[in-house]
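Notes to accompany the following structure.
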Amino acid sequence: MNGGFDRPPFNSFINNQKTTTMGRAFEYRKATKLKRWGHMSRTFTKLGKEITIAAREGGPDPDSNPRLRALIQQCKRENMPKDNIDRAIKKATDKSSEGYKEINYEGYGPHGIAIFVETATDNHMRTVANIRSYFTKFGGTLGTQGSLQFLFDRKACFTVTMKEGIDLDELELELIDFGVEELGVDEEENTIVIYSDFNEAINMQKYLEDNGFEIQSIEFVRIPNDTKELPEDQRESVQKLIDKIEEDEDVQNVFTNMAE
């Protein structure tokens, strides 16, 4: 089970310009990392919201809340101050606070590109008004919720520290029962990248933790099951819309079916 890989590292895979949905997912992951390095405050805001939501849904104790535990570990790697983490957890238990709601928005950008927007907001009226204005201003159309879900497959992406002497083929076989769908190596960061079925994320995390893997991050991504090629001038008009959406503080993630 190699999902299209003959076991090269992911970055070599991309350089060879082969096209699979998992290659698309990895490119998205690399692109968001590059943006993140240039927008540290946005990263802290995004992680803070994720912590609040995770603590509200699974409780404030990281020992009994695997999602919260992984997020705190990720915050430490991003050098997010402990006070920020504590405030985010406290907000989940603050009865005077309305808290964040996760709301998705779906629509089409210029040239028929599908755009899926994930938000975490404490004021959905403000958020929907902003998202709609971005689509309208940049030549897109905001659709109804659920209208584009069929175009994307939701996956969990685990990044774990490489273990010395690890046999990737054996690891992949062991992970079959835990929902693995793709596995490869990011040689630049000396990490193993694992994609699993979204519904198996908790089981995958438990296996990795129980077997001594250091989890650097867990991301939930939406992979387009088909992509659309555009010439450069058309890509630029779509990218302007994407960039504007991503600037909004309520926006957590943006996914599209535009080919890289």
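Just so you know, all these numbers are worked out from the coordinates, no wet-lab data involved. These figures come from a predicted structure and were not determined experimentally. So basically every Cβ, Gly included, is an ideal-geometry build from the backbone, and we count neighbours across all protein chains shown.
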The ³J(HN,Hα) series, computed from each phi in segment 121-130 with the Karplus coefficients 6.51, -1.76 and 1.60 at θ = phi - 60°, rounded to the nearest Hz and given as x for glycine or proline, is 9, 9, 8, 5, 5, 5, 5, 5, 5, 5
Residues meeting the amide H criterion for Arg154 (H placed from the backbone, H to H distance under 5 Å, 5 or more places apart or on another chain) are Ile223
Once both label points are put 7 Å beyond Cα along the C-beta direction, the Asp86-Glu57 separation in nm becomes 2.6
Scoring only Lys, Arg, Asp and Glu (+1, +1, -1, -1) among other residues with Cβ under 9 Å from the Cβ of Phe255 yields 0
Two pseudo-spin positions, 7 Å from Cα along C-beta at Ser133 and at Glu164, lie apart in nanometres by 5.6
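Using the crude model of +1 on Lys and Arg Cβ and -1 on Asp and Glu Cβ, and no other charge, please compute the dipole size for segment 117-196 relative to its Cα centre, in debye to 20. Show your work: numbers first, answer last.
On the way: 6 positive and 16 negative charges, 252 e Å.
Value, rounded to 20: 1220 debye.
With +1 assigned to the C-beta of every Lys and Arg and -1 to the C-beta of every Asp and Glu, and no other charges, what is the dipole magnitude of segment 128-260 about the Cα centre in debye, to the nearest 20? Let's see the in-between values first.
On the way: 11 positive and 32 negative charges, 227 e Å.
In total the dipole reaches around 1080 debye.
Give the residue list of GluC sites (Glu not before Pro) in segment 94-160 that are DSSP loop and have at most 13 other beta-carbon atoms within 10 angstrom. Please report the intermediate quantities before stating the final value.
Working: sites: Glu98, Glu102, Glu106, Glu118; in loops: Glu98.
Here the GluC sites (Glu not before Pro) that fit, given the DSSP loop and packing criteria, are Glu98.
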From the Cα centre of segment 246-260 to that of segment 51-85, the distance in Å is 23
Calc'd 3J(HN,Hα), segment 188-205, phi into Karplus 6.51 cos²θ - 1.76 cosθ + 1.60 (θ = phi - 60°), Hz, glycine/Pro = x, comes to 4, 10, 6, 10, 9, 10, 10, 9, 10, 4, 4, 6, 9, 4, 5, 5, 5, 4
Counting sequence-distant residues (5 or more places) and residues on other chains, those with an amide H built under 5 Å from that of Gly143 are Glu106, Gly107, Tyr108
Per its Cα gyration tensor (rounded if a/c is under 1.5, else prolate when a/b beats b/c, else oblate), segment 70-196 is best filed as oblate
In whole Hz, the Karplus estimates of ³J(HN,Hα) for segment 243-260 (6.51, -1.76, 1.60; θ = phi - 60°; x where Gly or Pro) are 4, 5, 4, 5, 6, 5, 5, 7, 8, 9, 8, 10, 10, 9, 9, 6, 5, 5
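Return the FRET efficiency for the residue pair Arg77, His124: r is the Cβ-Cβ distance, R0 is 22 Å, and the value is rounded to the nearest 0.05.
Values: r = 31 Å, r/R0 = 1.41.
Between Arg77 and His124 the formula returns 0.10.
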extent check for segment 40-81: Cα max minus min per principal axis, descending, whole Å, gives 28, 16, 12
Residues whose built amide H sits under 5 Å from the amide H of Asn253, excluding neighbours closer than 5 in sequence, are Glu118
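Restricting to DSSP loop positions (anything but H, G, I, E, B) with no more than 15 other Cβ atoms inside 10 Å of their own Cβ, which trypsin sites (Lys or Arg not before Pro) remain in segment 56-123? It would help to have the intermediate numbers written out before the result.
Working: sites: Arg56, Arg67, Arg69, Lys76, Arg77, Lys82, Arg87, Lys90, Lys91, Lys95, Lys101; in loops: Lys95.
Within segment 56-123, the qualifying trypsin sites (Lys or Arg not before Pro) (loop, at most 15 other Cβ atoms within 10 Å) are Lys95.
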